[in-house]
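Here is the structure we will look at, set down as structure tokens.
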Amino acid sequence: MNGYHYGREAGLGFGAAIAVAGAIAMAPTAAAAPVECRAPGASTIQNSSDTAQCSASSVDGSAAAAFGVDGSAAASTGSQGLALAIALGGGTATSQAQGLSGPAAIAVGPGSIVDATGVRPGLALGIAGPGATVTIDGVTRPTCTGGPALAGDFQTLNGCVSLG
């Protein structure tokens, strides 16, 4: 496992970011019909096709959005949160937000999993390529394991990179 963490004392290496972005960009593309779920304000929605599914739910003063293309995406918000989940090509993305947080989960490729949670003010981004898992809980340092992945969490001022 090639996993790296960074915090306040070190930055994310430009070369590692390029490598992860390249690996994710080379993930297989899906030919399935996309599904989308948008929940601005107090609302809930679910949508599915033969190979994709999404769900989004939010309360007043928040918004959630989930998009799936041959994948499964779910986003939910509590008070004053913004949540985004995108799943492509066999990925699973979940995002939960509350309290002025804005987590985004992007899972691209078979076996990719991102679970991003926002619990206090700040943005968070998790991106997983094929076979990778990213977990952001908003309290401790994010984790990146398996295949190509990266995460940055402004709630904790930490992040991680996995090169697969």
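If you scan the stretch 57-82, which residues turn out to be within 9 Å of Ala97 (Cα to Cα) and open to solvent by 60 Å² or more (accessible area, probe 1.4 Å)?
Residues satisfying the conditions are Ser79, Gln80, Leu82.
When the residues of the stretch 83-102 are filtered to those that are free of Cβ contacts under 8 Å to residues at least 24 places away in the same chain and part of a strand (DSSP E or B), which remaining residue is nearest to Gly131 (Cα to Cα)?
Taking the candidates together, the pick is Thr92.
Considering only the stretch 57-73, how many residues are over 19 Å from Gln155 (Cβ atoms), in contact (Cβ under 8 Å) with a residue 24 or more places away in the chain and hydrophobic (A, V, I, L, M, F, W, C)?
Matching residues across the stretch 57-73 total 5.
Look at the stretch 83-94 and say how many of its residues are among the hydrophobic types (A, V, I, L, M, F, W, C) and open to solvent by 40 Å² or more (accessible area, probe 1.4 Å).
The qualifying residues number 3.
Taking strands (runs of 3 or more DSSP E) that do not extend beyond the stretch 103-164, which have at least 1 residues that are open to solvent by less than 10 Å² (accessible area, probe 1.4 Å) and of a type in the set (Gly, Ala, Ser)?
Here the list reads 113-117, 122-128, 148-153, 158-163.
Exactly one of (1) modelled with pLDDT under 95; (2) within 17 Å of the chain's Cα centre (by Cα) is unmet by Ala104. Its number?
Just one mismatch for Ala104, condition (1).
In this structure, does Ile45 turn out to be buried (at least 24 other Cβ atoms within 10 Å of the Cβ) and out of contact with any Pro (no Cβ under 7 Å at 6 or more places or on another chain)?
Values: buried (at least 24 other Cβ atoms within 10 Å of the Cβ): no; out of contact with any Pro (no Cβ under 7 Å at 6 or more places or on another chain): yes.
So Ile45 does not fit the description; no.
The values are calculated or read from the model by the stated rules, or taken from the named source; none is laboratory data. These numbers come from a predicted model, not from an experiment. Virtual Cβ from ideal backbone geometry, glycine too; neighbours counted across all protein chains shown. Accessible surface areas use protein heavy atoms only, side chains included; no ligands, DNA or RNA. Shrake-Rupley method; radii C 1.70, N 1.55, O 1.52, S 1.80 Å.
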